[in-house]
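Since the structure comes first, as structure tokens, the remarks are kept for the end.
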Amino acid sequence: MAATAERIADTPASAPMPAPAHRAAQPDDQIVLLDHADWSDYERLLEIRGESAVPRLTFIDGVLELMTPSWYHESDKKTLARLIETWALEMDVALRGAGSWTIKSKLAKRGAEPDECYLLEPIEKEPSRPDIAIEVVRTSGGLNKLEVYRALEVPEVWFWQQGRLQFYGLEGEQYQRLQRSGKLPQLDPALIESCMGAPTQTEAIRQLRRSLEQGR
């Protein structure tokens with residue numbers, strides 16, 4: 001799949017994301033890795049968890065990750081989602097949010113639950129995967145999410161980490177680092193990053209709207 005954004009680096013799906021810097025007085029996400037798990041273990045835990053939002057479950061190659069996000073993780077996730085959705089509304093982009101949709105494939109033996117995910121509308125049939133999956137990274141030591149999403153054939157994965165928004169587009173069978181989103185090329189990552197630094201979510205939205213209005 002050829003992304004419309006400029007490719008700035010070749011990043012194999014097996015390459016780990018850099019570890020987030022330590023943040024004083026901000027508790028990390030809690031991650032537990034279970035080795036020697038099989039697909040039935042993964043599906044059983046999904047069933048036991050039911051409609052609860054936690055723990056978030058990721059499965060790859062016989063390893064099951066259980067992640068309980070911190071308050072800071074969820075705050076970043078929500079702020080980023082509100083900014084993206086406000087941007088789409090202001091720019092008249094038809095975007096459908098699907099939250100932490102459980103995306104899985106028994107054939108590929110992969111399963112993931114992004115922090116947020118989106119599909120570009122119109123949607124003609126029931127989708128099996130989002131167009132964009134978003135991961136907030138605050139803690140090192142978890143599974144390689146790019147490898148999971150590669151097998152699930154998710155076209156784009158965004159990472160929010162250390163105050164930066166990073167984009168990866170699936171080209172052929174590997175993800176490549178992108179300067180901008182290929183799905184939403186009009187989205188300026190520098191603007192989103194700036195708004196994420198606002199003291200409150202409300203001020204972040206106001207800042208975004210002011211910037212977009214000034215650009216018209």
(message) Can you tell me which residue is nearest to ALA94 (Cα to Cα) among those in region 120-135 that are of a type in the set (A, V, I, L, M, F, W, C) and open to solvent by 10 Å² or more (accessible area, probe 1.4 Å)?
(response) LEU120
(message) Where the second residue is surrounded by fewer than 18 Cβ atoms within 10 Å (Cβ to Cβ) and of a type in the set (D, E, K, R) and the first is under 19 Å from PRO185 (Cβ atoms) and lies in region 89-117, which pairs have Cβ atoms under 6 Å and are six or more apart or on separate chains?
(response) ALA94/GLU121; ARG96/GLU121
(message) Only one of ARG138, ARG150 is at pLDDT below 95 and either outside any loop (DSSP other than H, G, I, E, B) or open to solvent by less than 20 Å² (accessible area, probe 1.4 Å) (or both). Can you tell me which?
(response) ARG138
(request) Being among the hydroxyl-bearing types (Ser, Thr, Tyr) and in a loop (DSSP other than H, G, I, E, B) is the filter here, so list the residues in region 106-135 that pass it. (result) SER128
(message) Looking only at region 170-199, count every residue that is small (Gly, Ala, Ser), touching a residue at least 24 places away in the same chain (Cβ under 8 Å) and closer than 23 Å to ASP92 by Cβ and tell me the total.
(response) 2
(message) Tally up the residues in region 177-208 that are open to solvent by less than 20 Å² (accessible area, probe 1.4 Å) and part of a strand (DSSP E or B), please.
(response) 1
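The values are calculated or read from the model by the stated rules, or taken from the named source; none is laboratory data. Values in this document were obtained by computation on a predicted structure and should not be read as measured data. Heads up, the Cβs are rebuilt from the backbone with ideal geometry, glycines too, and the neighbour counts pull from every protein chain shown. Only protein heavy atoms, including side chains, enter the accessible area calculation; ligands, DNA and RNA are left aside. Shrake-Rupley method; radii C 1.70, N 1.55, O 1.52, S 1.80 Å.
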